[in-house]
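The values are calculated or read from the model by the stated rules, or taken from the named source; none is laboratory data. Nothing here was measured: the structure is a model prediction, and the numbers come from that model. Cβ sites come from the backbone with ideal geometry, for glycine too, and all protein chains shown count toward neighbours.
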Amino acid sequence: MKALHHFKKIGFFLLVTVFISCSDNDDSSGKNLTGTWSWVRTDGGFAFHIHDTPASTGKYIDLKFTSDGKFFYYTNGILSSEGTYQFSTQKSIVDGTYKKSIVFSVGGEMIIAKLDNTNLELDDNNYDGIGSSYTRK
């Protein structure tokens with residue numbers, strides 16, 4: 001039962017990672033974001049008790065971003081969600097600064113905590129929030 005509860009939490013976060021709508025035409029991060037990213041881990045939650053990885057969940061997730069504003073979300077090699085994305089800014093509840101974020105057409109806005117040529121970190125903007133790390137494929 002505890003495992004099912006854990007899977008529901010990670011499933012919810014992963015859906016939030018991939019959904020909602022907003023608009024902003026700033027695509028300055030688009031060049032670095034374009035490509036396929038493999039999920040490495042998700043950490044956080046109440047008292048930071050969530051520490052999930054592909055090995056601990058049996059889920060291998062790829063998140064693909066195209067240069068024309070589309071995303072594709074694959075779970076264990078099967079397309080499980082797709083839509084569009086745009087960049088925006090969001091005020092961080094952690095430090096009060098405005099941070100670049102990704103807004104998905106079908107689900108949620110995520111703050112870009114880190115984006116470089118090999119690493120992508122996305123955080124929700126909640127107290128006791130959850131963050132996921134990806135590496136470029």
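Output the number of residues of segment 53-105 satisfying the condition of being among the hydrophobic types (A, V, I, L, M, F, W, C) and farther than 17 Å from residue 125 by Cα. Lay out the reasoning, then the answer.
First, the residues of segment 53-105 that are among the hydrophobic types (A, V, I, L, M, F, W, C): 55, 61, 63, 65, 71-72, 78-79, 87, 93-94, 102-104.
Adding the requirement that they be farther than 17 Å from residue 125 by Cα leaves 55, 61, 63, 65, 71-72, 78-79.
Summing the residues that are among the hydrophobic types (A, V, I, L, M, F, W, C) and farther than 17 Å from residue 125 by Cα in segment 53-105 gives 8.
Quick check on my filter: what residues within segment 65-85 are assigned to a strand (DSSP E or B), under 16 Å from residue 108 (Cα atoms) and not polar (S, T, N, Q)?
To start, the set of residues in segment 65-85 that are assigned to a strand (DSSP E or B) comprises 65, 70-75, 78-85.
From the residues that got through so far, the ones that are under 16 Å from residue 108 (Cα atoms) too are 65, 70-73, 80-85.
Correct list: 65, 70, 71, 72, 73, 82, 83, 85.
Report, by residue number, each residue of segment 56-81 that is surrounded by fewer than 17 Cβ atoms within 10 Å (Cβ to Cβ), more than 17 Å from residue 32 (Cα to Cα) and either among the aromatic types (Phe, Trp, Tyr) or under 13 Å from the mean Cα position of the chain (by Cα) (or both).
Passing the criteria: only 60.
Suppose we keep only residues that are loosely packed, with under 12 Cβ neighbours inside 10 Å and over 11 Å from residue 102 (Cα atoms) within segment 13-50. Which one would you say is modelled with the lowest pLDDT?
Across segment 13-50, the extreme among qualifying residues is 25.
Does residue 126 meet the test of being in contact (Cβ under 8 Å) with a residue 60 or more places away in the chain, out of contact with any Gly (no Cβ under 8 Å at 6 or more places or on another chain) and outside any strand (DSSP E or B)?
Working: in contact (Cβ under 8 Å) with a residue 60 or more places away in the chain: no; out of contact with any Gly (no Cβ under 8 Å at 6 or more places or on another chain): yes; outside any strand (DSSP E or B): yes.
So residue 126 does not fit the description; no.
Out of (1) in contact with a strand residue (DSSP E or B) (Cβ under 7 Å, 6 or more places away or on another chain); (2) exposed (fewer than 15 other Cβ atoms within 10 Å of the Cβ); (3) within 14 Å of residue 41 (Cβ to Cβ), the odd one out for residue 123 is which?
(2) is the only condition that residue 123 fails.
From (1) surrounded by fewer than 14 Cβ atoms within 10 Å (Cβ to Cβ); (2) closer than 16 Å to residue 32 by Cα, pick out the condition that doesn't hold for residue 111.
Only one criterion in (1) surrounded by fewer than 14 Cβ atoms within 10 Å (Cβ to Cβ); (2) closer than 16 Å to residue 32 by Cα is unmet by residue 111, namely (1).
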